[in-house]
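See structure below.
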Amino acid sequence: MTNDLKHILRSVEYAEVTIESNKAPILLSIWKSCEEDRCIVFYPGTATHPLFYETFLSALACNNFNVIGVHPVCHGNSPRVKKIFDFEELVQNGMDAVTYAIKNLNKNIVVMGSSQGGIVAIALAGKDKRIQAVFPHNILVPSIPDSITVTRFPNILKKVYRPVVQMVKLVAKVLPELPIPVRFYLDLKKVSGDKQIIKQFIAILTDL
């Protein structure tokens with residue numbers, strides 16, 4: 001990163017607020033441009049949080065966007081108040097972030113997400129009619145057998161992908177509190193070729 005870019009990013013107004021979503025507190029990271037600028041509600045990827053994408057989100061704010069990064073329930077800097085939560089609760093977190101944006105900024109709402117956050121962003125846009133557009137930063141569609149190629153599991157499992165998914169769902173139903181480390185199933189080298197990003201991601205996992 002150049003010194004000029006570092007100076008610009010430091011000049012962006014940043015704040016954090018805590019809101020209630022589904023009877024649990026969640027944190028929002030806010031990079032503010034001008035009140036009338038379009039607002040992006042951003043969802044992070046698996047096990048990460050908006051500050052993992054700070055350079056990217058700050059750059060968006062520098063280019064006339066207000067950015068609200070969602071720390072989903074029990075993720076990132078949100079308080080660890082629940083042991084179990086589901087996908088629908090993550091979507092509700094986004095809806096409540098949209099409500100915050102409309103009340104405190106404006107109604108020009110776009111949602112964006114990365115990886116798992118891209119999936120949540122798509123689901124959120126389909127459910128919340130207040131959203132004007134959705135742009136997944138990138139997205140992994142777990143219903144597609146090829147998605148197994150970014151995991152640690154052998155590619156041959158693509159041939160029996162659906163039964164494997166059903167088995168995982170069964171285990172989740174029987175043992176809903178079973179902790180599964182991200183590194184157990186996700187191959188970080190397949191996610192990014194940047195050693196610094198992998199190092200940063202591992203640091204986040206260590207803090208969990």
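Per-structure values
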{"read-out": "Heavy-atom surface of the chain, accessible at 1.4 Å and reported per residue (Å²)", "value": "58 Å²"}
{"read-out": "Antiparallel DSSP beta bridges within the chain, percent to nearest 5", "value": "50 percent"}
{"read-out": "Scattering profile of the stretch 75-163 at q = 0.19 Å⁻¹ [log10 I(q)/I(0), Debye over alpha-carbon scatterers]", "value": "-0.95"}
{"read-out": "Length-normalised contact order of the stretch 33-151 in % [C-alpha pairs under 8 Å, at least 6 apart]", "value": "28 percent"}
{"read-out": "Separation between Cα centres of the stretch 99-123 and the stretch 16-94, rounded to whole Å", "value": "9 Å"}
{"read-out": "Heavy atoms of E89 accessible to a 1.4 Å probe, total area in Å² rounded to 10", "value": "10 Å²"}
{"read-out": "Sequence of V160, V67 from largest to smallest accessible area, 1.4 Å probe", "value": "V160, V67"}
{"read-out": "Probe 1.4 Å, all protein chains present, accessible-area order of T55, T48, largest first", "value": "T55, T48"}
{"read-out": "Carbon plus sulfur fraction of accessible area for the chain, probe 1.4 Å, in percent", "value": "58 percent"}
{"read-out": "Surface accessible to a 1.4 Å probe, R38 within the full protein complex, Å²", "value": "90 Å²"}
{"read-out": "Taking N as its residue count, the alpha carbon Rg of the chain over 2.2 N^0.38 Å", "value": "1.06"}
{"read-out": "Length-normalised contact order for the chain - Cα pairs under 8 Å, 6+ apart - percent", "value": "17 percent"}
{"read-out": "Isotropic mean projected area of the C-alpha convex hull, the stretch 23-94 (nm²)", "value": "4.9 nm²"}
{"read-out": "Cα-based shape type of the stretch 118-176, given that a ≥ b ≥ c are square roots of the gyration tensor eigenvalues and the cut on a/c is 1.5", "value": "oblate"}
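The values are calculated or read from the model by the stated rules, or taken from the named source; none is laboratory data. All values derive from a computational prediction rather than experimental measurement. SASA here: full protein model, heavy atoms, side chains in, ligands and nucleic acids out. Shrake-Rupley method; radii C 1.70, N 1.55, O 1.52, S 1.80 Å.
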